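Worksheet: the structure to be examined is printed underneath.
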Amino acid sequence: MRVLVRYLAGYVFDFFRERVTADDFRGERVRRVLATAALDARGQAAVQRMFPQAILYAVTARASLVQVRRGRFEASCISMAGGGMRERLLALLSGARHQLLIPSPDYIYRLGMRQGGPALAWAVIDRFLVAPVALMWFVLLVCWLYVSGLVGRTAQPKAQGG
């Protein structure tokens with residue numbers, strides 16, 4: 001069950017994210033950053049490049065959601081490799097203005113979409129309505145091709161003409 005939940009979370013997070021660089025935060029005054037404990041030294045250095053004036057705070061599995069939200073963090077950095085699910089969930093629900101997903105120190109993604117309401121609405125409709133319908137259409141088309149015998153006829157060797 002845990003594998004299915006991870007897969008579905010990845011399915012959603014992969015679609016509702018955008019890659020960011022330090023230039024995207026040049027005008028921001030981010031001072032308090034919450035990071036999951038699984039963030040290694042290279043990941044912490046990447047976060048420091050993003051927010052040079054920030055102090056990193058690590059979330060632990062023993063922390064409560066109330067404690068994390070009381071910290072009033074401006075950004076939360078969620079390591080996508082290693083660490084506990086509870087730490088990630090606390091960082092996600094921290095109420096921080098910027099939610100950053102860090103699969104590796106070379107790639108940092110912002111969770112969410114900045115293009116506004118219409119882009120978000122289309123993304124939700126596309127990901128959860130159009131994509132499953134297209135997948136079902138593809139499965140039905142493949143089944144029809146097998147049932148009609150078209151796949152079998154194309155797999156047979158052609159007769160030599162003479």
(request) With a cut-off of at least 1 residues that are of a type in the set (Asp, Glu) and either farther than 16 Å from ALA38 by Cα or more than 24 Å from the chain's Cα centre (by Cα) (or both), name the helices (runs of 4 or more DSSP H) lying wholly within segment 50-162. (result) none
(message) Return the residues of segment 105-119 that are of a type in the set (A, V, I, L, M) and either in contact with an Asp or Glu (Cβ under 6 Å, 6 or more places away or on another chain) or touching a residue at least 60 places away in the same chain (Cβ under 8 Å) (or both); say none if nothing qualifies.
(response) ILE108, LEU111, MET113
(message) Condition check: among the small types (Gly, Ala, Ser) and touching a strand residue (DSSP E or B) at 6+ places or on another chain (Cβ under 6 Å). Does ALA131 satisfy that?
(response) no
(request) Name the residue, out of LEU100, LEU93, that is farther than 19 Å from PHE51 by Cβ and surrounded by 11 or more Cβ atoms within 10 Å (Cβ to Cβ). (result) LEU93
(message) Considering only residues that are within 19 Å of VAL20 (Cα to Cα) and at pLDDT 85 or above, which ones fall in segment 89-105?
(response) ALA91, LEU92, ALA96, ARG97, HIS98, GLN99, LEU100, LEU101, ILE102
(message) Could you check segment 41-74 and list, in sequence order, the residues that are closer than 18 Å to ASP106 by Cα and surrounded by 16 or more Cβ atoms within 10 Å (Cβ to Cβ)?
(response) GLY43, GLN44, ALA46, VAL47, MET50, PHE51
(message) Any residue in segment 131-150 that is farther than 23 Å from PHE15 by Cα sitting within a Cβ distance under 6 Å of a residue that is of a type in the set (Val, Ile, Thr) and surrounded by 10 or more Cβ atoms within 10 Å (Cβ to Cβ)? List the pairs, counting only those 6 or more apart or interchain.
(response) LEU145/VAL151
(request) Report, ordered by the first and then the second residue, all pairs with beta carbons closer than 7 Å, sequence separation of six or more or different chains, a first member in segment 55-84 that is within 21 Å of GLU28 (Cβ to Cβ) and modelled with pLDDT of 85 or more, and a second member that is assigned to a loop (DSSP other than H, G, I, E, B) and of a type in the set (Val, Ile, Thr). (result) GLU74/VAL30; ALA75/VAL30
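So that you can scan it fast, the table gives a plain yes or no per residue for (1) polar (S, T, N, Q); (2) part of a loop (DSSP other than H, G, I, E, B); (3) crowded, with 19+ Cβ neighbours inside 10 Å; (4) not assigned by TED's automatic domain parsing to the domain that holds SER79:
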position	(1), (2), (3), (4)
GLU18	no, no, no, no
GLU28	no, yes, no, no
LEU34	no, no, yes, no
LEU39	no, yes, yes, no
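The values are calculated or read from the model by the stated rules, or taken from the named source; none is laboratory data. Remember, predicted model here, so these are calculated numbers, not experimental data. Note that we place each Cβ from the backbone using ideal geometry, even for glycine, and neighbour counts take in every protein chain shown.
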